[in-house]
Amino acid sequence: MRVVVLLCLLHAAFASGESWGSDSALDDSSLCLADKASCGCCLMNTQMERMENFFNLSVSYMRTCIGKANLIVSQLTENRSAFSVSLSNDSSVDYFENTTVIYNHVFLNLGDNYNTSSGVFTAPRAGVYSFAVTIYSGRVNHSCAELQVNGIVVVKITERKANDAEDSATVVITQSLMAGDCVLVFVPTGCYISYDNNHRTTFTGFLLFSLDMDHKY
Ligand SMILES: [Ca+2]
């Protein structure tokens with residue numbers, strides 16, 4: 001008798017909690033009316049089955065969420081692209097004219113998308129990128145350069161070494177690129193860039209976020 005009472009108390013406890021089962025679950029009250037001696041055991045089994053089903057559904061949902069999270073982390077890791085380079089006086093060339101600047105000092109080249117031989121950054125995937133160029137006019141009167149994307153001038157930067165307070169100029173842009181687009185710093189005819197071992201002439205870029213292949217802002 002004590003066992004039956006205990007089982008019925010367990011049933012009451014489960015019945016007062018959250019419902020885990022479906023609408024087709026057994027009618028507990030009718031079971032008790034049919035067989036009062038064994039109703040507690042049957043009801044407890046029913047509740048245990050409901051708990052098991054709820055637990056299995058929860059585990060399945062969590063596994064799905066973990067899979068999605070792992071995919072996002074993997075994509076973020078693959079999408080990392082950043083570089084920062086400079087000119088230093090380790091180079092044998094003092095000034096440039098009508099040529100692509102090949103920076104000879106690498107602070108960072110995450111993803112190896114900046115080519116240290118050609119001076120060209122190649123976008124690894126479609127996305128929104130940020131670029132910064134700083135030129136130094138310490139030893140020349142007219143320092144200027146262009147930031148080009150696929151051979152097209154996107155922005156020009158100029159610094160004149162006059163009797164003023166600054167000898168550097170910087171430009172920062174955000175640019176939407178497709179995979180394979182090429183970005184470089186070019187020094188046209190009549191322009192020069194000065195530099196020394198203080199890394200005053202730099203070129204930096206990084207991927208802010210990637211875009212779908214057929215989507216470009
Ligand atoms: Ca100046």
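When region 162-189 is limited to residues that are in contact with a strand residue (DSSP E or B) (Cβ under 7 Å, 6 or more places away or on another chain) and part of a loop (DSSP other than H, G, I, E, B), the one that is farthest from N98 (Cα to Cα) turns out to be G180.
For first residues located in region 129-142 and assigned to a strand (DSSP E or B), partners that are at pLDDT below 85 and surrounded by 20 or more Cβ atoms within 10 Å (Cβ to Cβ) and lie 6+ apart or on another chain with Cβ distances below 7 Å form the pairs Y136/S194; Y136/Y195.
Considering each of V171, V183, V187 in turn, give the residue that is within 16 Å of the ligand (Cβ to nearest atom) and closer than 24 Å to D112 by Cα. Give the steps one after another, and end with the answer.
Values: V183 fails: within 16 Å of the ligand (Cβ to nearest atom); V187 fails: within 16 Å of the ligand (Cβ to nearest atom).
Checking each option against the conditions leaves just V171.
For region 93-115, a tally of residues being under 15 Å from S81 (Cα atoms), out of contact with any Pro (no Cβ under 7 Å at 6 or more places or on another chain) and not in a strand (DSSP E or B) returns 2. Look through region 147-168, keep the residues that are more than 18 Å from S118 (Cα to Cα), among the aliphatic types (A, V, I, L, M) and surrounded by 13 or more Cβ atoms within 10 Å (Cβ to Cβ), and return whichever of them is farthest from the ligand (Cβ to nearest atom). The selected residue is V154.
Would you say T202 is closer than 15 Å to L87 by Cβ, within 16 Å of the ligand (Cβ to nearest atom), of a type in the set (V, I, T) and not in a loop (DSSP other than H, G, I, E, B)? Criteria not met by T202.
The values are calculated or read from the model by the stated rules, or taken from the named source; none is laboratory data. On a predicted model such as this, the values are computed, not experimentally measured, just so you know. Quick reminder, even Gly has a Cβ in these numbers, built from the backbone with ideal geometry, and neighbours come from all protein chains shown.
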